[in-house]
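The structure appears below as structure tokens.
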Amino acid sequence: MNQSWEPLATGVYRCRLAFLDVTVGMVLGRDGAVLIDSGTTLDEARGIDADVRTFDDRGVSHLVLTHDHFDHVLGSAVFVDAGVYAMTAVAETMAHRTDYLRTHALGYGAAPADIDAVIAAIRLPQHLVERALIDLGDRTVELVHPGVGHTDHDLVVRVPGLRDTDPTVLFCGDLVEESADPAVGDDSDPAQWVTTMERLLALGGADGVYVPGHGAVVDADFVRRQQQWLREL
Ligand SMILES: [Zn+2]
């Protein structure tokens, strides 16, 4: 195994990549495996691909990209058999703004050769959605754009439990961060983010497991505190 996969519920895992502590999520179902975000480099993504195949030898069937930041999307180049889901803005960035992806990646300390290689192999999302249900046979995975926040195109992934004892798991992308304060950039809207957090809490519920884009898994109370932090910004 290349990564350490933390179990969150039946058939639901996530790992934390060494580079920037990015979360990659995995949901296993009878008919396929959903991956949430893809890492930054070809090597990182190849390692994830190999790991998923130890859980399900068919590999990743569906890949969801939560938003257009380089550390979440560039590894998608590796998952050539997966249907890739994202909002339109992600596809536009990957098609027309690779200079922006490259600049940000280098700014965060990625190796230029790694970034050039992964951009040369870039693979665009084919399924441009604001909302979608992925049917895995014995379970469904729900993709929702809860509103503007970290970017104007954040997509979260809601995974209802397979068994009664399983919590609902909500992969939040960078709408929630645990390892640092939420990243408020030029493409963020803190005021609307507060409202979006309310929708996040409705999606995950009081007993939900909230998986941040970076850092440890948190609960609804933590999300509430982060909402307050944004309100005071
Ligand atoms: Zn981000």
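The residues of the range 167-201 that are part of a helix (DSSP H, G or I) and aromatic (F, W, Y) amount to a single one, W193. Residue count for the range 160-188, restricted to those that are more than 13 Å from the chain's Cα centre (by Cα) and of a type in the set (A, V, I, L, M, F, W, C): 4. Counting only residues that are among the charged types (D, E, K, R) and either within 13 Å of the ligand (Cβ to nearest atom) or open to solvent by less than 20 Å² (accessible area, probe 1.4 Å) (or both), the range 57-90 holds 2 of them. Comparison of L20, L35, L8, L65 shows that the only residue that is among the aliphatic types (A, V, I, L, M) and over 26 Å from D207 (Cα atoms) is L20.
Of all residues being among the small types (G, A, S) and within 25 Å of A132 (Cβ to Cβ) in the range 31-49, which is farthest from the chain's Cα centre (by Cα)? Just the residue, please. Once the filter is applied, the top-ranked residue is G32.
The values are calculated or read from the model by the stated rules, or taken from the named source; none is laboratory data. Given the structure is predicted, the values throughout are model-derived calculations rather than measurements. Reconstructed Cβ throughout: ideal geometry from the backbone, glycine too, with neighbour counts over all protein chains shown. Heads up: the accessible areas ignore ligands, DNA and RNA and are worked out on the full protein's heavy atoms, side chains in. Shrake-Rupley method; radii C 1.70, N 1.55, O 1.52, S 1.80 Å.
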